[in-house]
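So the structure is just underneath, and the comments pick up after that.
Bear in mind that the values in this text are calculations on the coordinates, not laboratory data. These numbers were taken from a predicted model, which means no experiment stands behind them. Cβ: placed from backbone, ideal geometry, glycine included. Neighbour counts: every protein chain shown.
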Amino acid sequence: MDLVVSRPEGLYCPAGDFYIDPWRPVERAVITHAHGDHARAGNQHYLAAAPGETILRMRLGQAINLQSLGYGERLLHQGVFLSFHPAGHVLGSAQVRLEYAGEVWVASGDYKIEPDGTCAPFEPVRCDTFITESTFDLPIYRWQPQAQVFAEINRWWQANAAVEKTSVLFCYSLGKAQRILHGIDARLGPVLVHDAVEPINRIYREAGIYLPPTIHATEIKKSDPMMRKALVLAPPSAANSSWMRRFGDYSDGFASGWMRLRGTRRRRSVDRGFVLSDHTDWPGLLWAIEQTGAERIMVTHGTAGALVRHLREQGLDATTFDTEYGDDEDDAIIAQAEPAKVLP
């Protein structure tokens with residue numbers, strides 16, 4: 001019997017009678033992290049890694065029935081030993097290790113392998129079967145060191161400020177915004193944030209993660225000279241909304257791994273694209289899989305086919321799991337961009 005199978009409700013562990021990141025309401029849900037495509041409302045019982053508890057309650061409701069475990073702490077449930085291990089994706093993100101009848105499976109959730117200082121770094125976990133995400137599972141996806149991307153953002157911000165133009169950077173409110181805040185040079189000017197970003201900033205700060213001071217964008221008047229020197233972090237949903245009118249003449253950018261594809265920036269109608277993802281790239285996927293020592297690989301969201309073919313060529317038993325993950329990272333239009341049109 002497989003330790004994890006795919007059901008209409010989500011990834012299911014028959015031996016333990018629980019689901020991992022279910023997309024339909026179930027009795028028992030084990031959650032890898034708080035992004036909306038992995039943590040959904042309506043489950044009767046939740047289990048998650050302790051560092052992500054506050055964010056889960058903020059997003060799903062303070063009254064949810066949630067039990068948490070520290071990284072590496074083991075729980076025995078119906079003969080299945082379960083533990084969480086850092087995934088390096090966002091604060092509280094975790095891989096789920098399952099051990100039953102001498103067999104070990106690991107479900108990765110979402111992960112990246114470059115440490116960024118805003119969450120526990122990715123920790124390879126040895127196993128027999130590895131369930132891996134594959135959001136960026138083509139060889140064209142190769143990230144430059146994040147320090148280079150932050151330097152690019154700093155230069156763009158400085159250039160805009162020199163001509164008194166606000167810099168508006170679209171990024172996901174959970175994880176990406178905090179990573180950018182942690183990495184930029186906040187001495188360059190004021191940093192303003194959207195209302196969706198600041199509550200999460202507060203949770204990160206309470207967890208002991210350094211983020212520079214930020215100001216609610218709504219607290220600054222359009223006429224304030226500060227506005228024209230500012231960097232503004234906002235979720236993609238704010239683009240083309242009435243909320244943007246306060247910035248007058250602004251330059252906008254988007255931080256996403258999808259910016260690696262030519263044409264994506266045009267579809268987003270932004271001035272600048274910064275290739276920065278909280279998911280691992282192609283070399284990172286291969287490295288992480290190799291580190292597990294697993295001979296059987298189950299691939300979830302992404303195009304999946306290229307990774308499965310590559311792994312089979314390496315002599316591994318690789319196949320795909322049907323899931324509904326991926327909606328929280330970006331819209332489908334970006335994901336369907338022409339793979340061959342790569343930015344130099």
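So how far apart, in nm, are the two label points at residue 81 and residue 269 if each is 7 Å from Cα heading toward Cβ?
5.5 nm
Let me have the relative contact order for the range 78-192, percent, based on Cα pairs under 8 Å that are six or more residues apart.
About 21 percent, as a whole number.
Under 15 Å between C-alpha atoms is the cut-off here; go through the chain and count lysine pairs that meet it, provided they're at least eight residues apart or on different chains.
Here the count comes out as 5.
If you take the square roots of the eigenvalues of the alpha-carbon gyration tensor of the range 182-309 and sort them as a ≥ b ≥ c, do you get rounded (a/c under 1.5), prolate (a/b over b/c) or oblate?
It is prolate, given that a/c is not under 1.5 and a/b is the larger ratio.
What 222 nm value per residue comes from the helices of the chain, counting each DSSP H run with n ≥ 4 as -39,500 (n - 2.57) and dividing by all residues, nearest 500 deg cm²/dmol?
Using -39500 (n - 2.57) per qualifying helix, the result is -6000 deg cm²/dmol.
Tell me which DSSP H helices of the chain clear both cut-offs, 20 Å or more of axial length from alpha-carbon atoms and a mean Kyte-Doolittle hydropathy of at least -1.0.
For the chain, where a helix must reach 20 Å along its axis and average at least -1.0, the hits are 146-162.
For 301, 216, 77, 89, which order do you get if you count the other beta carbons within 10 Å of each Cβ and list the fewest first?
Ascending Cβ contact count within 10 Å gives the list 216, 77, 301, 89.
Under 5 Å between amide hydrogens, which residues at least 5 positions from residue 295 or on another chain qualify, with H placed 1.01 Å from N in the peptide plane?
For residue 295, whose amide H was placed from the backbone, there are no distant partners under 5 Å.
Sorted from fewest to most neighbouring beta carbons within 10 Å, what does the list 272, 155 look like?
With the fewest neighbours first, 272, 155 line up as 155, 272.
What's the exposure ranking of 297, 64, going from fewest to most Cβ atoms within 10 Å?
64, 297
Starting from the Cα of residue 226, step 7 Å toward the Cβ, then list every residue of the range 155-189 with an amide N under 19 Å from that point.
158, 161-162, 164-169, 181, 185-189
So, counting K/R as plus one and D/E as minus one, what does the shell of residues with Cβ under 14 Å around residue 74 add up to?
Around residue 74, the surrounding residues sum to -1.
What fraction of the DSSP beta bridges in the chain is antiparallel, stated in percent and rounded to the nearest 5?
Rounded to the nearest five, the antiparallel share is 35 percent.
What does the charge add up to near residue 190, with Lys and Arg as +1, Asp and Glu as -1, over the other residues with Cβ less than 15 Å from its Cβ?
Here the count lands on +2.
Below 8 Å between Cα atoms, with a sequence gap of 6+, how large is the relative contact order for the chain in percent?
Relative contact order for the chain comes out at 17 percent.
Please report the net charge: other residues with Cβ closer than 13 Å to the Cβ of residue 121, K and R +1, D and E -1.
Result for the local shell: -2.
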